[in-house]
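Asker: Here it is: the structure, laid out below.
The values are calculated or read from the model by the stated rules, or taken from the named source; none is laboratory data. Being a predicted model, the structure only gives us computed values, none of them experimental. Glycine gets a Cβ as well: all are built from the backbone with ideal geometry, and neighbour counts include every protein chain shown. SASA here: full protein model, heavy atoms, side chains in, ligands and nucleic acids out. Shrake-Rupley method; radii C 1.70, N 1.55, O 1.52, S 1.80 Å.
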Amino acid sequence: MHKNENGMRPSRCNALSKAVAAIAAMAALLTPLAYGQPAPAGAKTGTHLVLLGTSGGRTAWRGVEAAGISSAVVVNGQVYLVDFGAGWLRRFFQAGLGAPPPARGLESLRAAFITHLHADHVIDYPSLVLFGASDGLSERKTPLRVFGPGPRGKLPPVSGQAAGVSAIVAADEPTPGTVAMTEGLYRAFANDINDNILDSRKPNPHTRVQVQDIVVPGATRIDPNRDSAPDMAPFPVYQDENVRVTATLVSHPPVYPSFAFRFDTAHGSVVFSGDTSPSRNLERLASGADVLVHEVIDTAWVDVLYPKPRNAAQEAKAHHLVHSHTAVEDVGAVAQAAKVKVLVLSHLAPADSAERRWARAKEGFDGTVIVGRDLQWIPVGASSAAP
Ligand SMILES: [Zn+2]
Ligand SMILES: [Zn+2]
């Protein structure tokens with residue numbers, strides 16, 4: 001009798017389990033795909049925070065379950081999106097935010113906001129401007145509004161010794177903002193877009209997605225290589241009948257601009273830290289908010305990721321992780337200083353750290369701490385509780 005790859009004789013039990021697996025695979029093929037989950041009771045009215053993806057950084061690609069960072073604020077059934085981490089679109093439907101067929105699914109999406117242009121926050125932005133523009137947004141009467149950072153304006157300095165640094169890319173426009181990034185995507189995917197326009201008679205994406213770089217007050221006086229988040233008052237970004245969105249600069253060097261956003265509705269307020277080290281500007285923006293969604297990093301993980309001794313590249317990366325993010329033991333003090341009621345941890349770095357590692361967020365904070373998980377619905381302010 002032959003042996004299999006493990007050197008084991010195939011048993012009757014083995015054959016049986018293979019047959020069961022084959023039947024299960026067939027059954028899976030025959031089961032109709034669920035088109036998202038129904039939105040929880042009470043979600044049609046009020047304001048809810050929905051965590052679409054809670055993983056920070058590139059950890060989404062390490063095989064962890066959590067999708068990349070992306071969140072939604074749902075106000076009276078309208079959706080406002082913050083960031084486009086890996087897998088946000090799948091989570092959007094899984095969370096029950098999309099309209100069921102025959103509607104295309106993205107009609108409920110009203111506006112989107114990008115905190116900063118690190119890849120883990122925009123890696124699936126193409127899903128919106130490519131799939132969305134030709135499908136889910138085609139039926140809209142008004143374009144979807146997208147607000148994101150403008151150009152950095154100058155390159156960051158080299159960290160450490162200049163020797164051994166690679167040549168930069170796109171030297172003619174090395175620090176593009178959101179508008180330029182979007183146009184770059186349209187160029188990169190022109191083959192597909194033009195096919196859709198001409199052959200499938202889909203609309204030009206410019207008519208369905210209106211992208212705008214956020215103008216920072218006093219930007220001309222800011223040198224991102226000296227201080228990327230000088231002290232400032234929150235400033236308005238967007239307003240409609242459901243929501244007023246304000247922003248501030250947060251400290252995430254060398255990134256500039258890096259924003260935190262605050263959403264005020266008739267029911268309450270929710271603030272997103274974006275990526276930041278403990279930030280005075282953020283405390284001011286989040287002052288008295290019902291919910292603060294804050295990024296966190298488990299700094300012990302950095303030492304595992306980049307054990308000493310480190311080469312220059314590893315040292316630079318470890319330095320960024322520790323100094324441009326907020327350690328879990330420091331985030332409680334931020335929430336306390338801002339006097340928020342609920343602190344939601346998201347952008348968990350790494351997303352697969354044990355729950356007890358995140359428990360330190362409670363240190364120095366009197367309010368409620370929620371360790372964010374994908375597809376969680378959290379009522380904001382006076383909104384009814386959702387399961
Ligand atoms: Zn990030
Ligand atoms: Zn970042």
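Asker: For a test of the definition: using alpha carbon positions, the gyration tensor, and the 1.5 limit on a/c, classify the range 143-271 as rounded, prolate or oblate.
Answerer: oblate
Asker: Sticking with this structure for a sec: Please report how far the C-alpha centroid of the range 310-387 lies from that of the range 190-213, rounded to the nearest whole angstrom.
Answerer: Each part reduced to its Cα centre gives a spacing of 38 Å.
Asker: Are there DSSP H segments in the chain that both extend 18 Å or more along their axis (alpha-carbon positions) and score a mean Kyte-Doolittle hydropathy of at least 1.0? List them, or say none.
Answerer: Flagged H segments are 12-30.
Asker: Using +1 at the Cβ of each Lys and Arg and -1 at the Cβ of each Asp and Glu in the chain, identify which of LEU52, GLY288, TYR306 lies farthest towards the dipole's positive end.
Answerer: LEU52
Asker: How would the range 121-199 be classified by its alpha-carbon gyration tensor: rounded, prolate or oblate, with rounded meaning a/c under 1.5 and the a/b versus b/c comparison settling the rest?
Answerer: prolate
Asker: So how far, in whole Å, is the C-alpha centre of the range 270-305 from the one of the range 242-258?
Answerer: 12 Å
Asker: Using the Cα atoms as the points, what is the convex hull volume per residue of the chain in Å³? Don't skip to the answer; put the middle values down first.
Answerer: Details: hull volume 80.7 nm³, N = 387.
For the chain, the hull spanned by Cα atoms encloses 209 Å³ per residue.
Asker: Only Lys, Arg, Asp and Glu count, each charged at its Cβ (+1, +1, -1, -1), so figure out the dipole size of the chain about its Cα centre, rounded to 20 debye.
Answerer: Rounded to the nearest 20 debye, it is 720 debye.
Asker: Here's something else I'd like to know. Pull up the DSSP beta bridges for the chain and report the antiparallel fraction as a percent, rounded to 5.
Answerer: The answer is about 50 percent antiparallel.
Asker: Also: With a 1.4 Å probe and all protein chains left in place, how much of the accessible area of the chain comes from carbon and sulfur atoms, in whole percent?
Answerer: 57 percent
Asker: How would the range 256-356 be classified by its alpha-carbon gyration tensor: rounded, prolate or oblate, with rounded meaning a/c under 1.5 and the a/b versus b/c comparison settling the rest? All intermediate terms of the calculation are to be shown ahead of the outcome.
Answerer: Working: a/c = 2.76, a/b = 2.01, b/c = 1.37.
Prolate.
Asker: Can you compute the helix-only [θ] at 222 nm over the chain? Use -39500 (n - 2.57) per DSSP H run of at least 4 residues, normalise by all residues, nearest 500 deg cm²/dmol. Intermediate values should be presented prior to the final figure.
Answerer: Details: 10 runs with 90 residues, N = 387.
It comes out at -6500 deg cm²/dmol, rounded to the nearest 500.
Asker: If you take every DSSP beta bridge fully contained in the range 190-312, what fraction is antiparallel? Give it as a percent rounded to 5.
Answerer: Counting DSSP beta bridges with both partners in the range 190-312, the antiparallel share is about 80 percent.
Asker: Kirkwood Rh over alpha-carbon pairs of the range 302-387, then Stokes-Einstein at 25 °C and 0.890 mPa s: what D in µm² s⁻¹, rounded to an integer?
Answerer: Reported coefficient: 165 µm²/s.
Asker: Write down the accessible area per residue of the chain in Å², having rolled a 1.4 Å probe over the full set of protein chains.
Answerer: 50 Å²
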